[in-house]
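The structure under discussion appears below in the form of structure tokens.
The values are calculated or read from the model by the stated rules, or taken from the named source; none is laboratory data. The structure displayed is predicted, hence computed values, not measured ones.
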Amino acid sequence: MGRKRVPQELKIVRGTYQPCRDPRGGEKISNALQNVPRVPSGLRDEGKKLWQRLTAYLVEVGILLEHHIPLLQIVCMEYQVYWDANSRLASGKRIKLEERRELRLLKNGAYQNFRMLLLEFGLTPSAAEKIPKPGKKKEMDAIEKIMKGTSRAG
């Protein structure tokens, strides 16, 4: 089946975009949102906090598009479900065994969904390292300088 395709927007931000390999004919996508969208009404405390952090980051690096909003809302909802189930389990109150099992299943399912959705956005820690931080220019290493002809070996 192979690996999932990296979204074109992410390739542009990372600096790995090659128009010759783009099945869409090399068209540039420049309709990234410039402002952080409002928090959806269905989110509660922890979901709202995550929404604000994620949307601010995605807008800052220039890869948040309008059609990402519903999926990002689901990411935050799954985080909220995980947070709620975990808080209930850790509350110290007596919980019936059956309810404890249900909360653990709910928590584990929400975690799996949350994790898979983060992979879709490229927001795992390993993927986030590959996205250059805005305002910082990557310095060329010695091999890159030689390849570009800006430094001579010897």
Apart from one, (1) at pLDDT 90 or above; (2) not in a loop (DSSP other than H, G, I, E, B) all hold for Arg38; the odd one out is (2)
Asn113 - would you say it is modelled with pLDDT of 90 or more and within 24 Å of Ser126 (Cα to Cα)? yes
